[in-house]
1. Residue check, residue 80 against (1) in contact with a Leu (Cβ under 6 Å, 6 or more places away or on another chain); (2) aromatic (Phe, Trp, Tyr); (3) not in a strand (DSSP E or B), all met but one. Which one?
2. Does any residue of the stretch 86-98 turn out to be at pLDDT 95 or above and either over 28 Å from residue 120 (Cβ atoms) or β-branched (Val, Ile, Thr) (or both)?
3. Within the stretch 83-109, how many residues are assigned to a loop (DSSP other than H, G, I, E, B) and either aliphatic (A, V, I, L, M) or within 17 Å of residue 41 (Cα to Cα) (or both)?
4. Using beta carbons and a limit of 6 Å, which pairs, at least six apart or on different chains, have the first residue in the stretch 95-114 and touching a residue at least 24 places away in the same chain (Cβ under 8 Å) and closer than 22 Å to residue 138 by Cα and the second one of a type in the set (Gly, Ala, Ser) and buried (at least 16 other Cβ atoms within 10 Å of the Cβ)?
5. Report yes if some residue within the stretch 9-28 is in contact with a strand residue (DSSP E or B) (Cβ under 9 Å, 6 or more places away or on another chain), closer than 21 Å to residue 150 by Cα, at pLDDT below 95 and surrounded by 22 or more Cβ atoms within 10 Å (Cβ to Cβ); otherwise report no.
6. Is there any pair linking a residue in the stretch 30-47 that is surrounded by 21 or more Cβ atoms within 10 Å (Cβ to Cβ) and of a type in the set (S, T, N, Q) to one that is at pLDDT 95 or above and in a strand (DSSP E or B), with Cβ under 6 Å and at least six apart or on different chains, and which?
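The values are calculated or read from the model by the stated rules, or taken from the named source; none is laboratory data. Just so it is clear, the structure is predicted and the values come from calculations on it, not from any experiment. Cβ sites come from the backbone with ideal geometry, for glycine too, and all protein chains shown count toward neighbours.
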Amino acid sequence: MKKLNFNTSYYFAYGSNMNHKHMKTRCPNSKYIGQFTLNNWELVFRGVADIQKAKNKKVVGGLFKITRKCEKALDIYEGFPFLYTKGYMESEIDGKKMTVMVYIMNDQDCIKPPSDFYLATIKEGYRNCGVSERLLNVAVSNSYDERMGIPRAGFSWGIPRPKTNGSELVDEDFDDDLNQDQQSFWDDTKPYGWR
């Protein structure tokens, strides 16, 4: 997967962002397009969802059209660039070559099952997108069978967060045009604790 540009308008969700309610909370201007398949990759859990290259496997998720503002909100939620980095790929959408963005964890040397709450959020997203839970169940099962390592970063594991004063951002490093309640991004993740 190569980096193409920073003006992506499509986003591939394979975890909790498949959940339409959660996605609309984070990105009110996003639009669900339909199912999307990423070949030669597989879904894994490192406490939270991730993907990794795997020959002859696939990840089925949801494709969303997003605005630049949506992408900035997703960056905050996903802990970019500390927990996740971004990958860009070209894909044909409606007969045109388009760039699709996906988040991939930086540290891939840990396998850990998801919390029940986090998994329930993802399952609801699978139902929202009409995606079979078969590959999800394989990934969850593998996370118990292949459990190893210790997560190095994450929402409650040391990612620098923007400072807020109630719902106002006070850190100049984050864009002022994000008018959403930033604290909701962190509140969303509190129940996603480790087993």
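1. Unmet for residue 80, out of (1) in contact with a Leu (Cβ under 6 Å, 6 or more places away or on another chain); (2) aromatic (Phe, Trp, Tyr); (3) not in a strand (DSSP E or B): (1).
2. Taking every residue of the stretch 86-98 in turn, none turns out to be at pLDDT 95 or above and either over 28 Å from residue 120 (Cβ atoms) or β-branched (Val, Ile, Thr) (or both).
3. Of the residues in that region, 5 qualify.
4. From residues that are touching a residue at least 24 places away in the same chain (Cβ under 8 Å) and closer than 22 Å to residue 138 by Cα, the pairs are 102/87; 104/87; 111/143; 112/47; 113/143.
5. There is no residue in the stretch 9-28 that is in contact with a strand residue (DSSP E or B) (Cβ under 9 Å, 6 or more places away or on another chain), closer than 21 Å to residue 150 by Cα, at pLDDT below 95 and surrounded by 22 or more Cβ atoms within 10 Å (Cβ to Cβ).
6. Hits for this filter: 30/64.
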